[in-house]
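Take a look at the structure below.
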Amino acid sequence: MLNIVIFGAPGSGKGTQSQKLIEKYHLTHISTGDILRNEIEHHTKLGELANKYMTKGQLVPDSVVIDILDELFVHNPDSVGYIFDGFPRTLTQGEALDAMLVKRNTAINVVISLEVDDDHLTERLIKRGEISGRNDDTPETIKSRLQVYYQQTSPLKEYYAEQGKLVKIDGLGTVDDIFSRIEKVIDKRDY
Ligand code: AP5
Ligand code: MG
């Protein structure tokens, strides 16, 4: 199996690069953000709960997203591998993910961290907010999403670095340039 975590701040290109990774490696894409937005769209109880946090740019509680993930594994038992996009976001989620993978005799192979500075991140998200209207792409919510990233999520880099799995990639440039940097990392490893 090939299990990749695509890691990075809001707007760093996780979703964009995930699409290209799926095409090339036929992985199952797991984006907790997409799942939660789908719940909101369908007015479910889970969506109602998640929306309270997402509109403020805060994280949805660990137990909620960990349960979602556990269920996804059950429904995709034959996948050749997974790409985790926007999960894990806390150390608790990282440890839970490792435990879930161990139960299935597998593990994370590599963590690709897309490195983009705050000015570019903000610019990308504001631009998207103006066109597509994701309701957390407002200047105020973007600020809090970035704060939450640095406080609660970026410490995971250390967790994966200690396991020898963290690879930092320059997240600036064209989408194709960035993807070719990622491909090189994945293809040179012997999984
Ligand atoms: P989530 O949906 O994961 O959003 P995010 O991490 O804030 O990041 P984005 O999806 O906005 O950015 P991205 O890195 O995917 O970049 P993208 O490719 O879209 O989470 C949303 C919320 O859900 C969270 O705030 C939280 O509340 C909740 N949540 C989700 N998961 C959770 C979890 N595990 N635990 C708790 N809560 C959770 O690109 C961004 C923009 O830039 C696009 O417009 C794109 O076209 C553009 N772009 C991409 N690449 C380039 C490039 N190379 N050059 C120029 N522009 C580019
Ligand atoms: Mg995304």
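Annotations
- Of the residues Lys52, Lys103, Lys14, the one that moves most in a GNM of the chain with alpha-carbon contacts below 10 Å is Lys103.
- Per-residue surface analysis assigns His75 an accessible area of about 130 Å², computed on protein heavy atoms at 1.4 Å probe radius.
- Taking the inverse of the mean reciprocal distance over all distinct Cα pairs, the Kirkwood hydrodynamic radius of the chain comes to 17.0 Å.
- Computed with every protein chain present, the accessible area of Arg104 is close to 90 Å² [probe 1.4 Å].
- Relative contact order (%) - criterion: Cα under 8 Å, at least six apart; region: the chain: 33
- Ligands, DNA and RNA aside, Lys168 has an accessible area near 130 Å² when probed at 1.4 Å.
- Charge tally for Asp176 (other residues, Cβ to Cβ under 14 Å; Lys, Arg +1; Asp, Glu -1): 0.
- Length added when fully stretched, Lys168-Asp34, from 0.36 nm per residue minus Cα-Cα: 45.9 nm
- Solvent-accessible surface of the chain, averaged per residue with a 1.4 angstrom probe and all protein chains in place: 53 square angstrom.
- Listed residues Asp85, Asp62 arranged by accessible area, highest first, probe 1.4 Å: Asp62, Asp85
- Approximate spin-label separation Asn109-Asp177, in nm, with each point projected 7 Å along Cα-to-Cβ: 2.7
- Percent of Cα-Cα distances greater than 20 Å, calculated over the range 41-131: 51
- Look at the Cα gyration tensor of the range 76-115: its axes a ≥ b ≥ c give a/c of at least 1.5 with a/b at or below b/c, and that counts as oblate.
- Expressed as a whole percent, the accessible surface of the chain that belongs to carbon and sulfur atoms is 50, based on a 1.4 Å probe.
- The phi-based Karplus calculation (6.51 cos²θ - 1.76 cosθ + 1.60; θ = phi - 60°) puts the 3J(HN,Hα) values of the range 153-166 at 9, 4, x, 5, 4, 5, 4, 7, 4, 4, 8, x, 10, 7 Hz, whole numbers, x for Gly and Pro.
- Remark: the chain carries a charge dipole of roughly 80 debye about the Cα centre, counting +1 on each Lys and Arg Cβ and -1 on each Asp and Glu Cβ.
- Value of Rg to Rh for the range 88-166 (Rh from inverse mean 1/r over Cα pairs, i.e. Kirkwood): 1.07
- Solvent-accessible surface ranking, highest first, for Glu130, Glu71 at 1.4 angstrom: Glu130, Glu71
- Distance violations [Cα-Cα > 26 Å] among Lys45/Lys127; Lys24/Lys127; Lys14/Lys52; Lys20/Lys56; Lys127/Lys157; Lys127/Lys188: Lys45/Lys127; Lys24/Lys127; Lys20/Lys56; Lys127/Lys157; Lys127/Lys188
- Positive dipole terminus of the range 12-83, leading residue within Leu69, His26, Ser79 (C-beta point charges): His26
- Label point distance in nm, Ser144-Ala161, each placed 7 Å from Cα along Cα→Cβ: 2.9
- Residue-normalised convex hull volume from the C-alpha trace of the range 8-66: 102 Å³ per residue.
The values are calculated or read from the model by the stated rules, or taken from the named source; none is laboratory data. If you're wondering where the values come from, they're calculated on a predicted model, not measured in any experiment. All Cβ positions, even for glycine, are placed from backbone atoms using ideal geometry, and neighbour counts span all protein chains on display. Quick note on the areas: whole protein, heavy atoms, side chains included, nothing else; ligands and nucleic acids left out. Shrake-Rupley method; radii C 1.70, N 1.55, O 1.52, S 1.80 Å.
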